[in-house]
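> Here it is, the structure in full.
The values are calculated or read from the model by the stated rules, or taken from the named source; none is laboratory data. The structure displayed is predicted, hence computed values, not measured ones. Ideal geometry is used to build each Cβ from the backbone, glycine not excepted, and the neighbour counts take in all protein chains shown. Calculation scope for accessible area: heavy atoms of the full protein, side chains included, ligands and nucleic acids excluded. Shrake-Rupley method; radii C 1.70, N 1.55, O 1.52, S 1.80 Å.
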Amino acid sequence: MIASVLVMPVAVVTAAPDASVTIVQQAFTVVGDSSWRVVVDLGGAVGENLNIDVVSHRRTNTRSELDAAIGGRLPGELDRLRFPVAKLARNSAGRVVVSVPTVANESGDADLLVGTTGIYPVTIELRNGETLLGSATTFIHHVQADDDLAASADGALQIASIASLADVPALGPDGTTTPSKDFAEQLTNLTDAFTDTTAGAFVALQGDQVAAAGTGSFEALRKQAKQHTMVAAPFIALDPSAAATAGLGELFAAQLRAGEDTVAAAVGVTPDRGVMVIDDKLTAGGAVLLRDVGVRGAVLTPRAADASGLRGQLDSALTYRAIAADGSALVIQGIDAGYAAVLDDTTRPALPRAVAVAAGLVLQREALLSAGKDLSLVAVALGTNDGRPADADVMQQLERYVETSNFLELQGAPRPAATETTSDVVDLPVSSNADLVAAKTLYDKLTPRVNSTMSMLRDDDPRREIWPALLTTLLSSRADDALRSRTADKVRSATKTVLGSLSLPTTSRFTLSSRKSELRLQVRNAGDTPLRAIVRFRSAKLKFSQPRQVIEVPAGASSEVMVEVEARSNGSFPVTVQLLTPRGDVPLGDEATITANVSALAGLGQVVTVTFLLVLLTWWAHNWRTKRRRAIESAAKGEHPSRLVGRSH
């Protein structure tokens, strides 16, 4: 049976401006020929001849017929029983208490005919004489005694409550973490709904909101831990299909681990990763990513089912095989869209919403049995349109109705979508989910800037954690374009402040009086935290012992940079100095130019001249001695010295 959408009617139909009828209490299950008790608020109506007419209508056999009756298209009238208001008892709040005797066969003047086992619409009419002043319609489950016993044999329809607590990222654009009021209300709804009962829910918690709320906020949930099944969810709300399209598989896995660790620390229970609650479009590619991180099943909210093109294809009590892009299968189950519409209708009181859900569940049970389903193998996924916890008042009222019925049972520690209950295969969209493509582009653009700027910070600076976390919030499926824009602007502004905090002297001159000397330079930090940077020196005429130095400059102060230099020549020439980020070599402002005056080599010309003269004198002396020696030798042989002159040439 495919879930139908229940649209709650106006709970009170008033024919006169000063009269209304509101059912504030009622029994839902009526077994055999017994009395049905209902408490009615008449809205202060007065009159000498006020009567309450209780009208039974023909049985509704399907959820479609139930929808029609809720919408005001009531089936034919079965019986009518009148009660003079003056003779009715009132409770301490002044409301009228009506006990209506019911029969299944023939009714008399003092009985209301309801017929065999089934769901029956009942209308409470307020009349002054025969004039209708107002009315309200509700439903009862009339059960013959034999059928009540048979229900124990057939089994109750299991109901798995789904509660996925999520919201926008807890980390705001300004870098501060703020617990969400909406998340706190969701948590209160969850724990209040399951107080004083053994029933529980299939619970997913958004990790960053859990961390923001603090461990103390989860005391009530820790006490209920055995009632619930805690399931894995990413640290921030992250759409798996969009993450797969954007190539964010590793980030999704990391966020899932972070979410599990955070929830385990707060609640004391490690979340189960086998089945996840999905509130976004699920594609065949997204199913692959889920399988890759160890997920084997998924519960789809009505909103997710609609986005995935599965509206009307999922019976909320059954599971289906969804084929992933790589041919693997994911077991999926859908939260019932009809019940979700009722639970989300906050304009209506809790009681009529609980009655409508209970009546629908009874009819769904009958349909499953008629289809030959084993009730021990199925469970209805009950929840809201986006998976958030249903209103606690509605759930508490529903629990009371279920507790008095052999036909229904709210599960403790439910596990929906755990096993296949049908051989039916549903097709997931093969088209990619591009919802995060633009956000991923922005993320990729800002990441190098953030990484470079973080390298300027001390290791214990909190911005080393805040800035990457802010970038991740850009990818949250709960963040809209406006939030992403504000976050990106804040990141740009914060990093710009740091990148512009360090400065060099605008002009400077220094003189080297020897071949080797020291160059000293002041670096100024105008920021309010210590910052690191690389100082890079360049010159064609100087050799630096450390052309790149890492320095740390205290907040609001200056640090001196000292580097040993060696001159290669004389003269005046530029030395460029540049501040860079320790990671990425991102320039921190423009290069500074320092003029170097080198006089360390001023005597070099004189040294060269003296050396040349010494060499020349040595050559002349050597040449003179050679001539002298030859002259002496010639004289010894009897030659006239004048003859040696021409020979020497």
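> To the nearest 10 degrees, how steeply does helix 350-370 sit against the main Cα axis of the chain, on a 0 to 90 scale?
Result, in degrees: 80.
> Can you divide the C-alpha Rg of the stretch 418-488 by 2.2 N^0.38 Å and report the result to two decimal places?
Values: Rg = 18.4 Å, N = 71, 2.2 N^0.38 = 11.1 Å.
Rounded to two decimals, the normalised Rg is 1.66.
> Using θ = phi - 60° and the Karplus relation 6.51 cos²θ - 1.76 cosθ + 1.60, list the HN-Hα couplings for the stretch 143-154 in order, rounded to whole Hz, with x at every Gly or Pro.
Coupling constants for the stretch 143-154: 10, 6, 4, 5, 5, 5, 5, 5, 4, 5, 6, 6 Hz.
> Compute the Cα gyration tensor for the stretch 442-481, then decide on rounded, prolate or oblate, letting a ≥ b ≥ c be the square roots of its eigenvalues: rounded whenever a/c is under 1.5, prolate when a/b is larger than b/c in the other cases, and oblate in all that remain. Mind dumping the intermediate values first?
Working: a/c = 4.44, a/b = 1.83, b/c = 2.43.
Oblate, because a/c is 1.5 or more while a/b does not exceed b/c.
> Which order, highest average first, do 241-249, 489-497 follow once you tally other Cβ atoms within 10 Å for each residue and take the mean per peptide?
Values: 241-249: 22.6, 489-497: 15.3.
The packing order, highest mean first, is 241-249, 489-497.
> May I pose another question? So what is the diffusion coefficient of the stretch 440-585 in µm² per second by Stokes-Einstein at 25 °C and 0.890 mPa s, using a Kirkwood Rh over Cα pairs?
141 µm²/s
> Please determine, in degrees from 0 to 90 and to the nearest 10, the orientation of helix 604-637 with respect to the longest principal axis defined by the Cα atoms of the chain, where the helix direction is its Cα long axis.
Roughly 30 degrees, rounded to the nearest 10.
> Please give me, ordered by residue number, the GluC sites (Glu not before Pro) of the stretch 103-210 that lie in loop per DSSP and have at most 13 other Cβ atoms within 10 Å.
GLU106, GLU130
> Give me D for the stretch 347-471 in µm² s⁻¹, whole number, from Stokes-Einstein with Rh from the Kirkwood sum over alpha-carbon pairs, 4 °C and 1.567 mPa s.
Roughly 65 µm²/s, to the nearest whole number.
> Mind grabbing the accessible area of ARG532 for me, 1.4 Å probe, Å², rounded to tens?
Here the residue's solvent-accessible area equals roughly 60 Å².
> Across bins of 10 angstrom width beginning at 0, how are the C-alpha pair distances of the stretch 7-153 distributed, in whole percent?
12, 41, 35, 11, 1, 0
> Return the long-range amide H neighbours of ALA201 (sequence gap of 5 or more, or a different chain), with a cut-off of under 5 Å between placed amide H atoms.
The list, which skips near neighbours in sequence, is HIS228, THR229, ALA413.
> Per residue, how many Å² of accessible area does the chain show with a 1.4 Å probe?
46 Å²
> Taking a probe of 1.4 angstrom, what is the accessible area of PHE544 in Å², to the nearest 10?
30 Å²
> Please give the peptides 19-27, 302-310, 368-376, 319-327 ranked by average Cβ packing (other Cβ atoms within 10 Å per residue), highest first, as a rough proxy for protection.
302-310, 19-27, 319-327, 368-376
> What net charge is computed for the residues neighbouring ASP148, neighbours being all others with C-beta under 13 Å from the C-beta of ASP148, Lys and Arg scored +1, Asp and Glu -1?
-4
> Order of 570-577, 202-209, 524-531 by packing, highest average Cβ count within 10 Å first? If you can, show how the numbers build up before the last one.
Working: 570-577: 15.5, 202-209: 28.0, 524-531: 17.4.
Going by the mean number of other Cβ atoms within 10 Å, highest first, we get 202-209, 524-531, 570-577.
> Once you treat every alpha carbon in the stretch 19-66 as an equal point and sum by Debye, what is log10 I(q)/I(0) at q = 0.13, 0.17, 0.28, 0.29 Å⁻¹?
Cα-only, vacuum Debye calculation for the stretch 19-66: -0.47, -0.75, -1.17, -1.19.
> At 1.4 Å probe size, with the rest of the protein present, what percent of the exposed accessible area of the stretch 319-391 is carbon and sulfur atoms?
50 percent
> Going 7 Å from the Cα of GLN522 along its beta-carbon direction, which residues of the stretch 547-591 have the amide nitrogen within less than 13 Å of the resulting point?
557-561
> Residue by residue through the stretch 396-402, what is 3J(HN,Hα) from phi via Karplus (6.51 cos²θ - 1.76 cosθ + 1.60, θ = phi - 60°)? Round to whole Hz and write x for glycine and proline.
Once θ is set to phi - 60°, the couplings for the stretch 396-402 become 5, 5, 5, 4, 5, 5, 5 Hz.
> Here is a further query. I need the trypsin sites (Lys or Arg not before Pro) found in the stretch 68-148, filtered to DSSP loop residues with at most 15 other beta carbons within 10 Å of theirs. Could the numbers behind the result be given before it?
Values: sites: ARG73, ARG80, ARG82, LYS87, ARG90, ARG95, ARG127; in loops: ARG73, ARG95.
Here the trypsin sites (Lys or Arg not before Pro) that fit, given the DSSP loop and packing criteria, are ARG73.
> Determine the share of the stretch 15-77's accessible area contributed by carbon and sulfur atoms, expressed in whole percent, with a 1.4 angstrom probe.
Of the solvent-accessible surface of the stretch 15-77, carbon and sulfur hold 45 percent.
> Next up: Taking H as built 1.01 Å from N, whose amide H comes closer than 5 Å to the amide H of SER164, not counting residues under 5 places away?
The list, which skips near neighbours in sequence, is ALA204, ARG388.
> Let me ask something else. Restricting the calculation to Cα positions, tell me the Rg (one decimal) and the Dmax (whole number) of the chain in Å.
My reading of the Cα-based Rg and Dmax gives 43.7, 181 Å.
> When we measure straight from the Cα of LYS181, which lysines land under 24 angstrom away, once same-chain ones fewer than 8 places off are left out?
Correct list for LYS181: LYS223, LYS490.
> Mind listing the phi-derived Karplus ³J(HN,Hα) values for the stretch 296-309, rounded to whole Hz, using 6.51, -1.76 and 1.60 with θ = phi - 60°, and x for any glycine or proline?
Ordered by residue, 3J(HN,Hα) equals 10, x, 8, 9, 9, 5, x, 5, 5, 4, 4, 5, 8, x Hz.
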